[in-house]
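Step one of this worksheet: look at the structure below.
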Amino acid sequence: MIVVTGATGNVGRELVRVLSAGGERVTATSRNIADPEVPDGVRRSRADLTDPESLRSVLDGADALFLHDGGPSAHLLSPRDVLDAAKRSGIRRVVLLSSLGVETRPESPSHGGMMRAVEDAVRESGMDWTILRPGGFHSNAYAWAEPVRAHRTVAAPFGDVALPTVDPADIAEVAAVALREDGHSHKVYELTGPVPTTPRQRAAAIGDALGEPVRFVEQTREEAREQMLAFLPEPVVETTLAVLGHPTPAEQRVRPDAERVLGRAPHAFEEWARRNAAAFR
């Protein structure tokens, strides 16, 4: 059995679907999980990664774990406790969803620094491990859904700065391979999309998927900062704006790992937009 933490997130939801469709026994878990959010036949269980004791019943009988740290505002309080609980329960293989920021922003506590500590705990766990380091997600564009639906408008800073964002579905497929197949132990996979795109280009791609134009309005850095502070801690906001506005060459570089693992090119943003056009209608 495979336990998927963060099962209601952009990657976890796709991973549960892929594993279930492939005939795997899956337990989907998160702090707030509802029946409609997972396929039929998948075991659902609430658990909190900041409370390893809540994982005991979830992990019983499983042999593999997909570990999600909860995002930039809710990191694991004690990754070693979580991993110790997994090992005691018989887990032999763990796949960690980390961040490309471990390589590109190691000095940032909110990005590379905190995730490096989780990665170190995974490496020292004594289990077979695989670490996935994605860059920004195509699905970050969901933040634009409401203004696109209401006004066919996207507002974002740094309209012409390009980054190779990645489809969460591709991350999920790489995770599924690493969870089910041998040959991926002690590997770190850096995951990006096939080409860098700008916010202006991504807004246009959403318009193409809808069959009508979407207007792009460029925000100032301060306007974007004020908006982001409503839902993210300040250190996360500052580092995110630095990545979006002044990415390093490493952050702009397309990585080959997704194609190597999947045997196909990762999905472009345009494909993601067509597949998820209903969210913007």
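The values are calculated or read from the model by the stated rules, or taken from the named source; none is laboratory data. This one's a predicted model, so the numbers in the text were calculated from it and none came from an experiment. As a convention, Cβ positions derive from the backbone with ideal geometry for all residues, glycine included, and neighbour counts pool all protein chains shown. For the accessible areas, the whole protein counts, side chains as well, though only heavy atoms, and no ligand, DNA or RNA atoms are used. Shrake-Rupley method; radii C 1.70, N 1.55, O 1.52, S 1.80 Å.
Scanning the stretch 242-266 for residues that are open to solvent by less than 40 Å² (accessible area, probe 1.4 Å), assigned to a loop (DSSP other than H, G, I, E, B) and touching an Asp or Glu at 6+ places or on another chain (Cβ under 9 Å) yields ARG255, PRO266. A Cβ distance below 9 Å, combined with a sequence gap of six or more or placement on separate chains, defines the contacts here; from the stretch 178-204, residues that are farther than 18 Å from SER99 by Cα reach residues that are hydroxyl-bearing (Ser, Thr, Tyr) and open to solvent by 10 Å² or more (accessible area, probe 1.4 Å) in the pairs THR197/THR165; ARG202/THR165; ALA203/THR153. Applying the condition of being under 24 Å from PRO134 (Cα atoms) and part of a loop (DSSP other than H, G, I, E, B) to the stretch 61-73 and asking which residue is modelled with the highest pLDDT yields ASP69. Just to be sure before I move on: is GLU270 acidic (Asp, Glu) and modelled with pLDDT of 95 or more in the structure I sent? So GLU270 passes the test. Quickly run through the stretch 32-54 and pick out the residues that are aliphatic (A, V, I, L, M) and either modelled with pLDDT of 80 or more or open to solvent by 90 Å² or more (accessible area, probe 1.4 Å) (or both). The answer is VAL42, and nothing else.
Within the stretch 1-24, restricting attention to residues that are open to solvent by 10 Å² or more (accessible area, probe 1.4 Å) and of a type in the set (Val, Ile, Thr), the residue that is nearest to LEU97 (Cα to Cα) is THR8. Is it the case that some residue within the stretch 231-240 is at pLDDT 95 or above and aromatic (Phe, Trp, Tyr)? The answer is no; no qualifying residue exists. Out of the stretch 182-201, which residues are open to solvent by less than 30 Å² (accessible area, probe 1.4 Å) and not hydroxyl-bearing (Ser, Thr, Tyr)? HIS184, LEU191, GLY193, PRO199 - these are the residues of the stretch 182-201 that are open to solvent by less than 30 Å² (accessible area, probe 1.4 Å) and not hydroxyl-bearing (Ser, Thr, Tyr). From the list GLY126, GLY101, GLY90, the lone residue that is in contact (Cβ under 8 Å) with a residue 24 or more places away in the chain and in contact with a His (Cβ under 8 Å, 6 or more places away or on another chain) is GLY101. Considering THR220, THR239, the condition of being open to solvent by less than 50 Å² (accessible area, probe 1.4 Å), of a type outside the set (A, V, I, L, M) and touching a residue at least 12 places away in the same chain (Cβ under 8 Å) is satisfied by THR239 alone.
Of the strands (runs of 3 or more DSSP E) entirely within the stretch 1-60, those holding at least 2 residues that are β-branched (Val, Ile, Thr) and within 21 Å of ASP81 (Cα to Cα) occupy 2-5, 26-30.
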